[in-house]
Structures are given as structure tokens and as C-alpha cells.
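The structure appears right after this line, and notes come after that.
The values are calculated or read from the model by the stated rules, or taken from the named source; none is laboratory data. None of these values were measured; they are calculated from a predicted model. Glycine gets a Cβ as well: all are built from the backbone with ideal geometry, and neighbour counts include every protein chain shown.
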Amino acid sequence: MIIYFKLTAIFMTSLEALKENRLRTLLSLSGIMIGIASIVLVISINDSGRAVIFKELETFGLRSVWISRDMGDYYDNKSNFVRGSGLFDDDYQYIKENCCMSLLNISPIVNLRANGKIQIIGKDIRANVTGVNERFDKINNEKLIAGRFLSIDDVKNDRFVVVISQEIASMLSQAEIDNVLGARIKILSNWFHIVGVLGNKSRDFISSIGANKESANMRILAPYTTIQKINGNIREISYFQGEAKSISHAPKAVKEIKEYLNYKYKGIYKYNGETMVAYIKTANNILKNISLVGFVTALVSLVVGGLAVLNVMFMSVVERTREIGVRKSVGAKNRDILSQFVSEAILITSIGGVLGITLAYSIISTIVFLFQFDISVSSVGVLVALISTVTIGLLSGLYPAIKAANLKPVEALRYG
């Protein structure tokens, strides 16, 4: 109870001292406020940006790997260039059954060769038609919102069935087709039955930097064997998309597949291998660099604010030298004077910190309201801001407080 009353007295005395120098206190508060607001904004934007980017990367499957032929060997070997994708059905069967301890799933990807018409309810549309197998939904992190995905029987029997994206399903709904499942669409001269609908994917950021130019939400997936039949019974596969056992296993999975293909084809084809690991590292590097610039800016603002508080506290010690002498002459100990001035500094920075957090919240709310960006105030940012305010207050107030506490009562009473 005694400690409580003592702390309350120190707080009230500190508050009164700050009120006596409102302008100086206000200027100090503004520096701390801007620095703290910058910290909260940097961390919040970084966390929100990371969430958005990784949410988009997840639409590809974070453990995904891609294997395709490196067509660059055409320029090295024009005279002896062997045409084709360099990937075939028997490669898929071998990789699926015998290869690669690091690989969990794999799907052939077969692109429709002809740039023919795709018709829905008599209207031509532009959509990506891709042949895949029954495991592709797991590999590519697809979300099914209606019906079913392709089955192993669909693939084995070359069935003319498709799974469409939600956006294409909306076109059918707008044409007053009550039941999308079971409806038919025409690809080239072939009619397909719709058996499932996939949820939309957000890839706006990835598309904006040119990393993915294909529409994520205008897609039609069919059994890869059926697309091969439309292509003319050519047993080629455009590329493989696989799923590693973990993100850390992805580079090894690529290495194992490439080693098998290189051994089999004896250098006739060259192969490229990609993983999501590279994209994750790139995203982390971009965010790290942005955060570094932001943190440096915030740190400069915070240091300037801290120096302003330090200046205020020094001025306060000078102006209150006689008061310190009076308090010491009536029994105040050095620790009492020390705690008084340190608490004043911490009070200034704490108020500035709360105002800074409030300012950051207001800025983020305004950005969300005006531009509809998916940004939220980071709890980590708020925690870092609060720790920073107390730390800056302690560092800024400690030296002036020590100087005040070490004043001798007789000399202090003579001052002024």
C-alpha cells in the first residue's frame, strides 16, 4: 500500500511538472509519436504484406515443384534439335511408382495444342484448358466448392468431363442455368460435362509483378489423357507439377526427377526445375528490404524524439535545481529524485507512444477505407512500440535524473 501511494505521488508530481511546460512537452511528444507510429506502420504493413503474398503463393501449393524441358538447348543445337516436350507418359508412370523419395504426389500437365473455341451457352469465351490427373487438386491447393474433382477412372477412361472455375460457373448461372453440375461446355468440337466447380484464387499481387500472366479464375481442368486424345493421341506431357513431402524436400525432389530424366535420355533433352522455395525466398527478401528501409526511417524518428526528451529533461533539471535542493533539505533521498525524473521521461514517451499507436491505427483505417487494402494493425508492432517507448524514456531520462540526484542541497538552494 505504501508503495502504491508513493508511485501515485511520483506520477502526479511528474504530470504537474509536464503541465508547467506544455509547449516543450508537446514538441517532445510529437517526435516520439511520429517514431512510434512509423514502427507500428512498418511492422503492420510488413506483416499484412507477408500474409497477402503468402496467401497468393499458397494457391500454387507451397510444396509444389515443376519440371519442364529447357528449350534453350535449341539455340545451342539448331542443327540437331529434337522437337517435343521431352516428357512422356512412361516417364510419368516411372516417376509416380519408382522415383523420388522426396516426392509425395505428381501430376502430368498437358496443354491444349489448338487455339480453338471454347463455347458456353453458345458464346465463345477465353479460358485456359489444362489436362491434369486426379491428384492435381491436392498438389495445387485447389478448393472445391461444388461437385467433385476428377477421378482416377476419368483419367484411365479418357472421359470428357471437366472441373471449371467459379468465375466460369458464374457465367452459366447468369445465363439462367440452374444446375451448373451436369451442364455441358464445348471445347473445339468436343462436348464435356461439368462435374465440379473450383473456388476462385487471388493472385493479384503476383500478376501485378508479372510472375503469373495466366488468369487464375478462368480455368478448365480435364483429364490429361482426354486432352492428349484431342491433341491427336500424342502421348507427350507439357510439364510435370509435383508436391514434395515438405518445403525443405522440394529442391531434392527436383534434383531426383532431373537425374532420372537425364539418365534416361542421355542429354537429348535438357530440363528446368522450379520450386516454390525460390519464390518464398524472393518474397522474404523483398519484404526484408522494405522493412529495413522502414525501420531505419522509424529509428531515426525515434532517436530524434529521444534526443528531444533528453533536452527537455536537462532543461527541467536546470529550471528545478532550487526545488531539488529544497526537497533534499527536507529529507528526500537520491533515489527519490532519480525516480522522479526518470518517471517524467517515461511518462512523456509513454504518452507519445500511445498517441503514436493511435495515429498508426488511424492511418491504417483510412488506407483500408479509401483503397480497400488488406492491412491490419499488428499486435507485434504494438508490443514493439510499447517496449520502445519505455526504453527510450528510460534512456533519455536516466542521465538527467542521475545529474539531478547527485546535486548537493546547499549548492542547489543557492541556484537562481
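Just a few scattered comments:
- Residue tally, condition crowded, with 17+ Cβ neighbours inside 10 Å and either aromatic (Phe, Trp, Tyr) or free of Cβ contacts under 8 Å to residues at least 12 places away in the same chain (or both), over the stretch 327-353: 2
- Helices (runs of 4 or more DSSP H) within the stretch 311-416 that include 2 or more residues closer than 30 Å to LYS55 by Cα and aromatic (Phe, Trp, Tyr): 334-371
- Residues satisfying the stated conditions in the stretch 357-403, i.e. farther than 30 Å from SER343 by Cβ and in contact with a Ser or Thr (Cβ under 7 Å, 6 or more places away or on another chain): ILE364, ASP374, ILE375, SER376
- Residue check for GLY147: modelled with pLDDT under 90, surrounded by fewer than 19 Cβ atoms within 10 Å (Cβ to Cβ) and small (Gly, Ala, Ser): no
- Hey, ALA278 over 28 Å from LYS156 (Cβ atoms) and outside the structural domain of ASP90 (by TED's automatic domain parsing) or not: yes
- Each residue in the stretch 151-164 was checked for being among the aliphatic types (A, V, I, L, M), closer than 21 Å to GLN119 by Cβ and either out of contact with any Phe, Trp or Tyr (no Cβ under 7 Å at 6 or more places or on another chain) or not in a strand (DSSP E or B) (or both), and 1 pass.
- For LEU359: the one exception among (1) free of Cβ contacts under 8 Å to residues at least 60 places away in the same chain; (2) surrounded by 17 or more Cβ atoms within 10 Å (Cβ to Cβ): (1)
- Exclusive hit being within 18 Å of GLY199 (Cβ to Cβ), assigned by TED's automatic domain parsing to the domain that holds ASN233 and not in a helix (DSSP H, G or I), set GLU142, GLU167: GLU142
- Qualifying residue in the stretch 208-223 (condition: surrounded by fewer than 20 Cβ atoms within 10 Å (Cβ to Cβ), in a strand (DSSP E or B) and at pLDDT 80 or above): no
- Just so you know, in the stretch 125-139 the residues that are part of a strand (DSSP E or B) and within 29 Å of the chain's Cα centre (by Cα) include one that is surrounded by the most Cβ atoms within 10 Å (Cβ to Cβ), and it is VAL132.
- Check on PHE192, out of contact with any Leu (no Cβ under 9 Å at 6 or more places or on another chain) and either buried (at least 16 other Cβ atoms within 10 Å of the Cβ) or assigned to a strand (DSSP E or B) (or both): yes
- Any chance ALA244 is surrounded by 14 or more Cβ atoms within 10 Å (Cβ to Cβ) and among the small types (Gly, Ala, Ser): yes
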